[in-house]
Amino acid sequence: MSLAQVVSCLDGYDPDALRVDKAREAIRACIAPLTAGERVLVRKALGRVLAEDIVPKINVPAHDNSAMDGYAVRFSDLEKNNSLIEAGTAFAGKPFAGKVRLGECVRVMTGAVMPAGTDTVVIQEVVKKEGDRILVPQGQKRAQNVRYAGEDLKVGVPVLRAGKFLRPAEIGLIASLGIGKILVRKKLRVAFFSTGDELISIGRKLKAGQIYDSNRYTLYGMLERLGVEILDLGVVRDDPAKLKQKYLFAKSRADVIITTGGVSVGEADFVKQLMAELGEVLFWKIAMRPGRPMAFGRIGKAWLFGLPGNPVAVMVTFYGVVRDALLHLAGRSDGEVPLLTAVASENLRKVPGRTEYQRGILFNEGGIWKVRITGQQGSGVLRSMAEANCFIVLEHARGAVQAGENVSVQLFEALA
Ligand code: AMP
Ligand code: MG
């Protein structure tokens, strides 16, 4: 099926005023996750996507053990006699080898295997020592302060599923099972280039009308933090022959091609023609601000995202639409960014009928999290992104916001 056929089946799909959530849904309907994997050392798996289920072959912990420093006892002994004989000591990694007889206890350290016959640990702070006898006060509970074998991870019960993004906790957990290498998804290869006759790369002197290309730097940063393999293809002039050459080069080397610029009305026509000639491309006017025009499609096997040129629009469309597509393609199942609630500390301008991503500063005042905007919100003002620490996401149907109303925010730190 062509992309156009796939997306036209979606309810409420309107390419001339496409809601952001519909754009994400449309892309997901078109692309299937890439499945190629590779086996890597556990530490190298940090920031990668798990490609297999992790099913423990051992229990963690492997044995019942003490959760505290104290004395391992047989609980039923305490009912008869609260004075026990200390029969020996067990350390973490050095179990007590003997047998614990009736009326005896064993000194245990945190992590020590529970000596055979004992079922309860009394913490050292509450006991009294009298010669080789240990006096245990009333009020102990059966099985207190014991960690059971398999309490953390159980043999045969899957603990991580394919699709999980691997953070420090996950790689530690995998290591706790004694697993040295795991299967992860191959990194996505993402190529990108900027388009525009006015753009020059840093290191050269600006002539009248020229600007430095900043989009390749923000894109580099956003992609690097998502953990993809990056191919920076530089700046391409607004010249169909050069653009064509670059698309063809990019599609032979990458799973995804991202371009910025050249999709607004002025230039769209020839870019459109060119893209249509090379592959299949859908042009969307997304009901979002900033970031209205956007192209999505494919050239050969490579997926294509044609983002607008304005620097803030690039970041907003990337975080609002492209990021989700890349995570889906990378096989990630847990990439949704939480929307948090904060109190607007000032009035915010907004018209219904589009989702707005205003640049916000989340701050705490008197124990309450509030948010204000960074000032100038033009889609060319990249400073507004640098000053902000969050997006204020104003929903599609919402109108102007009064100070004191709740709004949704997305922390930049959560977007990586
Ligand atoms: P376009 O979408 O090509 O019409 O570009 C929209 C605006 O974004 C214009 O003012 C461009 O100069 C600017 N722009 C486009 N590409 C870049 C870039 N790579 N870096 C900085 N600004 C850009
Ligand atoms: Mg341009």
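Just so you know, all these numbers are worked out from the coordinates, no wet-lab data involved. Owing to the predicted nature of the structure, the values given are computational and were not obtained by experimental measurement. FYI the Cβ positions are ideal-geometry reconstructions off the backbone, even for glycines, and counts take in every protein chain you see.
Which lysines, if any, have their Cα less than 30 Å from the Cα of Lys128, not counting same-chain residues under 8 positions apart?
In chain and number order, the partners are Lys80, Lys94, Lys99, Lys141.
What FRET efficiency comes out for the pair Ile85/Gln402, r = Cβ-Cβ distance, R0 = 60 Å, nearest 0.05? Don't skip to the end; give the middle numbers.
Values: r = 74 Å, r/R0 = 1.24.
It comes to 0.20.
If you average 1/r across every pair of different Cα atoms in the range 275-415 and take the reciprocal, what Kirkwood value do you get, in Å?
Working: mean 1/r = 0.0621 Å⁻¹.
Result for the range 275-415 stands at 16.1 Å.
For the cross-link pairs Lys242/Lys285; Lys164/Lys244; Lys44/Lys251; Lys154/Lys301, which exceed 31 Å when the distance is taken from alpha carbon to alpha carbon?
Flagged as over cut-off: Lys164/Lys244; Lys154/Lys301.
Hey, fewest Cβ within 10 Å first, where do Ser345, Ser264 land in order?
The order, fewest Cβ neighbours first, is Ser264, Ser345.
What are the ³J(HN,Hα) values, in whole Hz, obtained from phi via the Karplus relation 6.51 cos²θ - 1.76 cosθ + 1.60 with θ = phi - 60°, for each residue of the range 361-369 in sequence order, with x given for Gly and Pro?
Taking θ as phi minus 60°, the curve returns 10, 8, 9, 9, 10, x, x, 10, 7 Hz for the range 361-369.
Compute the label zone of Glu277 within the range 215-255: residues whose backbone N is under 18 Å from the point 7 Å along Cα-to-Cβ.
Once the point is set 7 Å along Cα→Cβ of Glu277, 236-252 turn out to lie under 18 Å by backbone N, inside the range 215-255.
Bin width 10 Å, alpha-carbon pairs only: give the P(r) of the chain as whole percents, running from 0 to the bin holding the largest distance.
With a bin width of 10 Å, the distribution comes to 4, 18, 21, 18, 13, 10, 9, 6, 2, 0.
I need the shape label for the range 177-279. Rule: rounded when a/c is under 1.5, else prolate if a/b > b/c, else oblate, with a, b, c from the alpha carbon gyration tensor.
oblate
What order do you get for 222-235, 247-260 when each peptide is scored by the mean count of other beta carbon atoms within 10 Å, highest first?
Top of the packing list down: 247-260, 222-235.
Quickly estimate the mean residue ellipticity at 222 nm for the chain, helices only: each DSSP H run with n ≥ 4 gives -39500 (n - 2.57), and the total goes over all residues, rounded to 500.
-6500 deg cm²/dmol
How high is the relative contact order of the chain? Use alpha-carbon pairs under 8 Å, at least six apart in sequence, and give a whole percent.
About 16 percent, as a whole number.
What are the ³J(HN,Hα) couplings of the range 278-285, residue after residue, when phi is run through the Karplus curve with 6.51, -1.76, 1.60 and θ = phi - 60°? Round to Hz, x for glycine and proline.
8, x, 10, 9, 10, 9, 10, 9
Rg(Cα) of the range 272-357 divided by 2.2 N^0.38 Å? All intermediate terms of the calculation are to be shown ahead of the outcome.
Numbers: Rg = 15.5 Å, N = 86, 2.2 N^0.38 = 12.0 Å.
Dividing the Cα Rg of the range 272-357 by 2.2 N^0.38 Å gives 1.30.
Using a ≥ b ≥ c from the Cα gyration tensor of the range 38-192 (square roots of the eigenvalues), is it rounded, prolate or oblate, where a/c under 1.5 gives rounded and otherwise the larger of a/b and b/c decides, a/b for prolate?
Values: a/c = 3.60, a/b = 3.54, b/c = 1.02.
Since a/c reaches 1.5 and a/b is larger than b/c, the shape of the range 38-192 is classed as prolate.
Quick one: which residues, 5+ away or cross-chain, put their amide H under 5 Å from the amide H of Val108? H built at 1.01 Å from N.
Counting only residues 5 or more places away or on other chains, the set is Gly70, Tyr71, Ala72, Ala90.
Among Ser76, Ser333, Ser176, determine the one that fluctuates most according to a GNM of the chain built with springs between C-alpha atoms less than 10 Å apart.
Ser76
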